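Working notes, structure below.
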Amino acid sequence: MNWFAQILLASILALALPPPAPAQQRVEVARADGAKTPLRVFAAQNAQGCPPLALLSHGAGASEDRNLPYLATALSDDGWRVIAIGHAESGSAPMRDDIRAAGFKQGLIDLVTDVHAYRARFMDIDAALAWSQAQCRAPFKALIGHSMGAITVMLAAGARHKLDVGKGDAKFARAIDAFVALSPEGPGVVFPDDAWQPIAAPMLLVTGTRDGGLGGDYTWRIRAFEGLGPGCRALAVVDRATHMNLGGLDPAHRVTSKVAPLVVQYLDGVRAGRCTQLIAPVGVMLRSK
């Protein structure tokens, strides 16, 4: 199955599958333009004091209800407050509209290059941060995204780009302590060849050998890791993992059961001030800088 068919199937399944079990808290918060951002908040388990914060940014066509549920659970169990953010301007309705108007491939390109959608995503993230900080001031903050969420992660981390989104993303490079990009984009419609060199923060990138994209197979996605300078940077390539699997559509948990511990292990190491060598499960290739 080619990548475009995978994305289309993922969108259909995301609408057809029942939502996961209710989160411990569901809130709506006002963002800078007055619109409401929906959040699913997973309380930190066994936390003492204010817990670290993980913000989850979903891919095109998804929602806060289907925003990397396997990572939300794993990080919550590890003592993180997790906020799954809903991005209405790049959810299921805008994706359907773009595909109907321009066909699948061009519709997807139109959505992942939509400046308005990214500006809205930045406001969503800002609103989620403000809500969390009003509860308590998190000692460590991570931003995690899949697909279009991974593009959002890269923009927030300070990558060079071809989009006129203004300077609103720069503050996140200062406010967020670590970033995780699942299915990162290589150079193409959003990023130039030298996009990742300015990124200074710790970053984990995750892809799979069946995780193709707009620019080719998974090796195109690896170019984002290769473009990063030295630092606390890691790349995980999961054998036979698809784009859908990394987003959480993995009924047998063959992929998510490997990715979730890696993300937790990486973030806990960075939070402790150590960029430790990750332990690779069977079927996962790791690289680091």
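Since every read-out is calculated from the coordinates, none of them should be taken as a lab result. Computed from a prediction, not measured in an experiment: that's the story for all the values here. With ideal geometry, Cβ positions are generated from the backbone for all residues, glycine too; neighbour counts draw on all protein chains shown.
Going from the fewest other Cβ atoms within 10 Å to the most, the residues 199, 151 appear in the order 199, 151. With distances taken between every two different alpha-carbon atoms, the chain has a Kirkwood hydrodynamic radius of 18.5 Å. Comparing 152, 207, 73 in a Gaussian network model of the chain (Cα springs below 10 Å), the most mobile by mean-square fluctuation is 73. For the stretch 160-289, the square roots a ≥ b ≥ c of the C-alpha gyration tensor eigenvalues yield an a/c of 1.5 or more together with a/b not exceeding b/c, which makes the shape oblate. Too long at a 25 Å Cα-Cα cut-off: which of 36/141; 141/258; 141/162; 141/171? Cα-Cα > 25 Å for 141/162; rest within. Computed over the chain with a Gaussian network model linking Cα atoms closer than 10 Å, the most mobile of 157, 234, 272 is 272.
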